[in-house]
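Data block below; observations after.
The values are calculated or read from the model by the stated rules, or taken from the named source; none is laboratory data. Given the structure is predicted, the values throughout are model-derived calculations rather than measurements. FYI the Cβ positions are ideal-geometry reconstructions off the backbone, even for glycines, and counts take in every protein chain you see.
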Protein chains: 2
Amino acid sequence: MTDNAVNIGLIGFGTIGSGVVETLNMNLPLIEEKVGRKVNLKKIVDLDIKTDRGVEVDPDILSVDVKEILDDPEIDIVIELIGGYQPALNFILEAMDKGKHVVTANKALLAKHWDEIMESSQENKVRVCFEASVGGGIPLLKPLNESLAANNIQSIYGIINGTANYILTKMDEESRDFEEVLKEAQEKGYAEQDPTFDIEGHDTAQKLIILAILGFGVYVEQEKFHVEGISSITLEDIEFAREELGCCIKLLAISRITDGELDLRVHPTLVNEKHLLSSVNDVFNGVYITGDVVGPVMMYGPGAGMMPTASAVVGDCISLIEENDRPAAYGPVKTRVTKIKDIHDIKSRYYLRITAIDKPGVLHEISGILSDLNISIESVSQKRREEGLEVPIFIVTHESLEKNMREALKRIDELDMVKDRTIFIRLL
Amino acid sequence: MTDNAVNIGLIGFGTIGSGVVETLNMNLPLIEEKVGRKVNLKKIVDLDIKTDRGVEVDPDILSVDVKEILDDPEIDIVIELIGGYQPALNFILEAMDKGKHVVTANKALLAKHWDEIMESSQENKVRVCFEASVGGGIPLLKPLNESLAANNIQSIYGIINGTANYILTKMDEESRDFEEVLKEAQEKGYAEQDPTFDIEGHDTAQKLIILAILGFGVYVEQEKFHVEGISSITLEDIEFAREELGCCIKLLAISRITDGELDLRVHPTLVNEKHLLSSVNDVFNGVYITGDVVGPVMMYGPGAGMMPTASAVVGDCISLIEENDRPAAYGPVKTRVTKIKDIHDIKSRYYLRITAIDKPGVLHEISGILSDLNISIESVSQKRREEGLEVPIFIVTHESLEKNMREALKRIDELDMVKDRTIFIRLL
């Protein structure tokens, strides 16, 4: 073991930060043996250094002044865990300007300021590691970038939001309504009090941006692709999917090359029960990647949480120490811009749930609209209730063009006998 | 891009070697952009350079003389794909002595000569990469060693033999007998003409040795742990497991720490259908790893085959080029020897299939033996056929000590009314 210790500065002593401290408390001897050097958590900076985080920590290393990390020439690695855009961005850029490597779990920041951060990393010959930003503790980004480097990546399908996946899993397993399960998830701490970010797909979208950069070398702003959440999914959809189609419904991040274009989107998707992604349940995440050489692989594990995320953060620190002299982040230094597929141009099979008055001719009208738009029906199911009342009609289509489907939905929803907005979900 | 090309020498132009050539034919520009240097497959050596491998290759780079690689100072990386112990070992050691990095898929060699190879790597300050040796194209060994480096690994459960998994999957899905499915697997090329190595667990055992080195830093010779194959599994076992227990049967490589000892074994195991490993079907592999920080993660993908394995081999080459100045293999340089758990000391739940004459008292005798040995019965099932004929009795036990179970089996099989050797399978 060489004499010179590696000094780490941690900015942000919240949940993940406490997990990092706990990980070092647990496994420091193992880690030091692995890297062959002393590893020293020299300073922790947070606005609040009074609250007990439930982890053992030397009070002398706590500070409220970020300069004690950024201006300390002995600190080699800065871990940023405060999240958000600012001041996180400035802290990271300043750390790199001062020759420090950076480890971050900040998906929002990376998804918005990728090029700026990577340029600074190149200029300053330091590395940025961010395994924890997607998929929590799952070995995902580094394997995608390194182990699969011989591949032209064809597609990435990811279940990468634990909250949404927990809700969908519980609805399916326990035949319960969205609202009820959401409430339980909030009580258990699996969902925020304002759950919009998770259930409307925004968190998934930020992570998908990072996956697309690593998989395809393409940076796409969040506004440029289709993002749809799970709040319109009902128990009826889930039960029909399971019983009639042998599918479950998952919120998927999709990124793939079709017709030479990048097809990028986030939406609830019907996944056949035989597909491995259908077995990714509860708060777990799974990312299914297909390369042109390897074929399909999947990485699975806990996508969030204090200790799993800390596992990825500390793993990045270990990689940095071991590869100290390699002046690059993983991931492309500069992303290429290519054509992004318009959601209207994608092709998919579709599941529709139409809420209509049960009277003669309704199916005839609907099938006429679909037929006019070149959408062919694979199966249709309508459980008769009482004539004149509202009834759900379930339709599964063959592969069709999204823009035709959207036009069909518009026309269907304009029909007098259709009483609610039609739900449509794409099939994997 | 810097001027100096990286030169690669390939020893072994069989299936995987051809896959490597094909991978470079497909994705060389992508790979060169990634590493920022020209990558040149300078020489391919094989005893047979006449046979058409079905891949495009410059005939000028083919040779039958391994010295054209080992003695060429311009060659930076040697890929060894001839398999077996010798001359592979000598080629690898000579390449390292001459300052060349090594990439190999040779699990047998690593499982037997780990220390010798790693010592040479240390002495010569070159790296040895072997991602392809376990799990084919799945990003597995590098993520285990690097991304999970903050963890004290608790357990590794692997389905790492595609042939055995294919046979068990088909028996289950198509309700067919072992012999019949094996024959089909041989016809399809999924099983060798002599399938012993795969179906008796020897291949799985070699791979488990490598997983245990990376996960636990422990090298165990194959003779020192319990290895049991799948040839005694019948359709009856599989159907009972599915229908009565909600389980499937998988050939598992198990490596875990219990009571401070390393518990290492290969045997068919009942896996609950809710466990993700139960969804690893056909020729696919899956490895389920639990770390003390991250919790459980799983890596899944094609565990063998020309292109998937080539993906891992070429991925290793790319890592080597990118990390050229890091003088170590991944994995511990020197393994530690710790106490290995004796199979007799493990605890497990057990499934038993007893073949007995259906007459009064048989169950009484058997339950008496179990009770004497402190083995408690969780469930028992006997479908009555005709008194006086052979009937299978299925028993699932609570957690019991293996040595007691073995003694019980011995006593049960000595009973007059027991007509065939009792099958027992451990539950996951």
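Which of the residues that make up segment B:50-78 are part of a loop (DSSP other than H, G, I, E, B), closer than 16 Å to B:GLY19 by Cα and not polar (S, T, N, Q)?
Scanning segment B:50-78 gives B:ASP52, B:ARG53, B:GLY54, B:VAL55, B:GLU56, B:VAL57, B:ASP58.
Those residues that are of a type outside the set (Lys, Arg) and either touching a Gly at 6+ places or on another chain (Cβ under 6 Å) or closer than 18 Å to A:PRO195 by Cβ (or both), I need them from segment A:239-254; list them, please.
Once the filter is applied, which keeps residues that are of a type outside the set (Lys, Arg) and either touching a Gly at 6+ places or on another chain (Cβ under 6 Å) or closer than 18 Å to A:PRO195 by Cβ (or both), segment A:239-254 yields A:ILE249, A:LEU251, A:ALA253.
Could you check segment A:342-409 for strands (runs of 3 or more DSSP E) lying wholly inside it with 3 or more residues that are out of contact with any Lys or Arg (no Cβ under 8 Å at 6 or more places or on another chain)?
A:350-357, A:377-382
I'd like the residue in segment B:188-203 that is of a type in the set (Asp, Glu) and in a helix (DSSP H, G or I) and, out of all such residues, is nearest to B:ASN165 (Cα to Cα).
It comes out as B:ASP198.
Matching residues to (1) charged (D, E, K, R); (2) over 18 Å from A:ASP316 (Cα atoms):
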| residue | (1), (2) |
| --- | --- |
| A:LYS107 | yes, no |
| A:MET118 | no, no |
| A:GLU123 | yes, yes |
| A:LEU140 | no, no |
| A:ILE160 | no, yes |
| A:THR163 | no, yes |
| A:VAL181 | no, yes |
| A:ALA191 | no, yes |
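Given the condition in contact with a Cys (Cβ under 8 Å, 6 or more places away or on another chain), assigned by TED's automatic domain parsing to the domain that holds B:ILE153 and of a type in the set (Ser, Thr, Tyr), answer yes or no: does some residue in segment B:227-243 qualify?
Within segment B:227-243, not a single residue is in contact with a Cys (Cβ under 8 Å, 6 or more places away or on another chain), assigned by TED's automatic domain parsing to the domain that holds B:ILE153 and of a type in the set (Ser, Thr, Tyr).
Considering only residues of segment B:127-140 that are more than 9 Å from chain A (Cβ to nearest Cβ) and assigned to a helix (DSSP H, G or I), which is farthest from the chain's Cα centre (by Cα)?
Residue satisfying both the conditions and the ranking: B:ALA132.
How many residues are surrounded by 20 or more Cβ atoms within 10 Å (Cβ to Cβ) and out of contact with any helix residue (DSSP H, G or I) (no Cβ under 7 Å at 6 or more places or on another chain) when one looks only at segment B:178-203?
Adding up the residues that qualify gives 1.
Return the pair list, or none, for Cβ contacts closer than 8 Å from residues in segment B:74-92 that are assigned by TED's automatic domain parsing to the domain that holds B:GLY12 to residues that are of a type in the set (Asp, Glu) and assigned to a strand (DSSP E or B), at least 6 apart or on different chains.
If the second residue must be of a type in the set (Asp, Glu) and assigned to a strand (DSSP E or B), the pairs left are B:ALA88/B:GLU80; B:PHE91/B:GLU80; B:ILE92/B:GLU80.
As an exercise: evaluate A:LEU47 against (1) part of a loop (DSSP other than H, G, I, E, B); (2) more than 14 Å from every other protein chain (Cβ to nearest Cβ); (3) farther than 30 Å from A:HIS202 by Cβ and give the number of the one condition it does not meet.
Only one criterion in (1) part of a loop (DSSP other than H, G, I, E, B); (2) more than 14 Å from every other protein chain (Cβ to nearest Cβ); (3) farther than 30 Å from A:HIS202 by Cβ is unmet by A:LEU47, namely (3).
Is it the case that B:ALA108 is modelled with pLDDT of 95 or more, part of a helix (DSSP H, G or I) and crowded, with 24+ Cβ neighbours inside 10 Å?
In short, no.
Any residue at all in segment A:210-220 that is more than 30 Å from B:VAL35 (Cα to Cα), of a type in the set (A, V, I, L, M), within 17 Å of the chain's Cα centre (by Cα) and crowded, with 23+ Cβ neighbours inside 10 Å?
No - not one qualifying residue is present in segment A:210-220.
Could you tell me which residue of segment B:311-330 is modelled with the lowest pLDDT, considering only residues that are surrounded by fewer than 24 Cβ atoms within 10 Å (Cβ to Cβ), more than 8 Å from chain A (Cβ to nearest Cβ) and within 16 Å of A:SER147 (Cβ to Cβ)?
B:ALA329
Name the residues in segment A:279-307 that are at the interface with another protein chain (Cβ under 8 Å from one of its Cβ atoms), closer than 26 Å to B:ASN285 by Cα and more than 15 Å from the chain's Cα centre (by Cα), would you?
A:SER279, A:GLY291, A:ASP292, A:VAL293, A:VAL294, A:GLY295, A:PRO296, A:VAL297
For the list (1) more than 7 Å from chain B (Cβ to nearest Cβ); (2) in contact with a strand residue (DSSP E or B) (Cβ under 7 Å, 6 or more places away or on another chain); (3) not charged (D, E, K, R), I need the number of the one condition that A:HIS275 fails.
Going through the list (1) more than 7 Å from chain B (Cβ to nearest Cβ); (2) in contact with a strand residue (DSSP E or B) (Cβ under 7 Å, 6 or more places away or on another chain); (3) not charged (D, E, K, R), A:HIS275 breaks only (2).
For segment A:246-255, which positions are buried (at least 21 other Cβ atoms within 10 Å of the Cβ) and more than 13 Å from the chain's Cα centre (by Cα)?
If the condition is that a residue be buried (at least 21 other Cβ atoms within 10 Å of the Cβ) and more than 13 Å from the chain's Cα centre (by Cα), then A:CYS247, A:CYS248, A:ILE249 are the ones that fit.
Is there any pair linking a residue in segment B:291-310 that is surrounded by fewer than 24 Cβ atoms within 10 Å (Cβ to Cβ) and modelled with pLDDT of 95 or more to one that is assigned to a strand (DSSP E or B) and aromatic (Phe, Trp, Tyr), with Cβ under 9 Å and at least six apart or on different chains, and which?
Final answer for the pair search is B:PRO296/A:PHE284; B:PRO296/A:TYR300; B:PRO296/B:TYR288; B:PRO302/B:PHE284.
Have a look at B:GLY9, B:GLY36 and point out the one that is closer than 23 Å to A:GLU146 by Cα, touching a Ser or Thr at 6+ places or on another chain (Cβ under 8 Å) and not hydrophobic (A, V, I, L, M, F, W, C).
B:GLY36
Quick one: A:ASN152 ticks every box in (1) touching a helix residue (DSSP H, G or I) at 6+ places or on another chain (Cβ under 6 Å); (2) within 13 Å of chain B (Cβ to nearest Cβ); (3) surrounded by 19 or more Cβ atoms within 10 Å (Cβ to Cβ) except a single one, so which number is it?
The number of the failed condition is (3).
Among the residues of segment A:380-415, write down those that are more than 23 Å from A:HIS344 (Cα to Cα), surrounded by fewer than 14 Cβ atoms within 10 Å (Cβ to Cβ) and in contact (Cβ under 8 Å) with a residue 40 or more places away in the chain.
Once the filter is applied, which keeps residues that are more than 23 Å from A:HIS344 (Cα to Cα), surrounded by fewer than 14 Cβ atoms within 10 Å (Cβ to Cβ) and in contact (Cβ under 8 Å) with a residue 40 or more places away in the chain, segment A:380-415 yields only A:SER381.
State whether one or more residues within segment A:26-36 are surrounded by fewer than 17 Cβ atoms within 10 Å (Cβ to Cβ) and more than 12 Å from chain B (Cβ to nearest Cβ).
no
Which ones in segment B:5-25 are surrounded by 19 or more Cβ atoms within 10 Å (Cβ to Cβ) and either at pLDDT below 95 or not in a helix (DSSP H, G or I) (or both)?
Within segment B:5-25, B:VAL6, B:ASN7, B:ILE8, B:GLY9, B:LEU10, B:ILE11, B:GLY12, B:PHE13 meet the criteria.
Could you tell me which of the residues A:GLY260, A:GLY301 is more than 27 Å from A:ILE199 (Cβ to Cβ) and not acidic (Asp, Glu)?
It is A:GLY260.
Checking A:SER175 against (1) touching a residue at least 60 places away in the same chain (Cβ under 8 Å); (2) surrounded by fewer than 20 Cβ atoms within 10 Å (Cβ to Cβ); (3) in contact with a Lys or Arg (Cβ under 9 Å, 6 or more places away or on another chain), which test does it fail?
Exception for A:SER175: condition (3).
Only one of (1) within 30 Å of B:MET307 (Cα to Cα); (2) crowded, with 20+ Cβ neighbours inside 10 Å is not met by A:ILE117, so which one is it?
So A:ILE117 meets the others, but not (1).
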